[in-house]
Amino acid sequence: MQFDFKSYHVRSINAADQAEKKTINQELKDFYASLDEEEKKVFNVELQRYLLHEVGRLGSDYEAIKHSNA
């Protein structure tokens, strides 16, 4: 399974308001609920990988900005 976490992330960032964010979050919850147990395991691993990648990227971006302003 290859889930496109980035599309949900970008949609949430660009949501017009909290109601839209809530709708997007519910879509994700509904999708997760539709998975069988094995698919949920894969989904969770992919989500962790995505989050680690994004946090790492944000850290790198922060450091680059911090050093360019020094």
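Brief remarks on what is shown
- Some residue of region 54-61 being at pLDDT 75 or above and either of a type outside the set (Asp, Glu) or over 13 Å from the mean Cα position of the chain (by Cα) (or both): yes
- Among the candidates Glu39, Glu46, residue that is charged (D, E, K, R) and open to solvent by 60 Å² or more (accessible area, probe 1.4 Å): Glu39
- Pair list, Cβ < 8 Å and 6+ apart or interchain, from region 31-49 residues that are farther than 12 Å from Phe5 by Cβ to residues that are assigned to a helix (DSSP H, G or I): Leu35/Phe43; Lys40/Tyr32
- Matching residues in region 1-36 - criterion: being among the aliphatic types (A, V, I, L, M) and exposed (fewer than 14 other Cβ atoms within 10 Å of the Cβ): Met1, Val10, Ile13, Ala16, Ala19, Ala33
- Scan of region 26-51 for residues that are modelled with pLDDT of 95 or more and of a type in the set (S, T, N, Q), ordered by number: Gln26, Ser34, Asn44
The values are calculated or read from the model by the stated rules, or taken from the named source; none is laboratory data. Values in this document were obtained by computation on a predicted structure and should not be read as measured data. Note that we place each Cβ from the backbone using ideal geometry, even for glycine, and neighbour counts take in every protein chain shown. Just the protein is used for accessible areas: all its heavy atoms, side chains included, with ligands, DNA and RNA removed. Shrake-Rupley method; radii C 1.70, N 1.55, O 1.52, S 1.80 Å.
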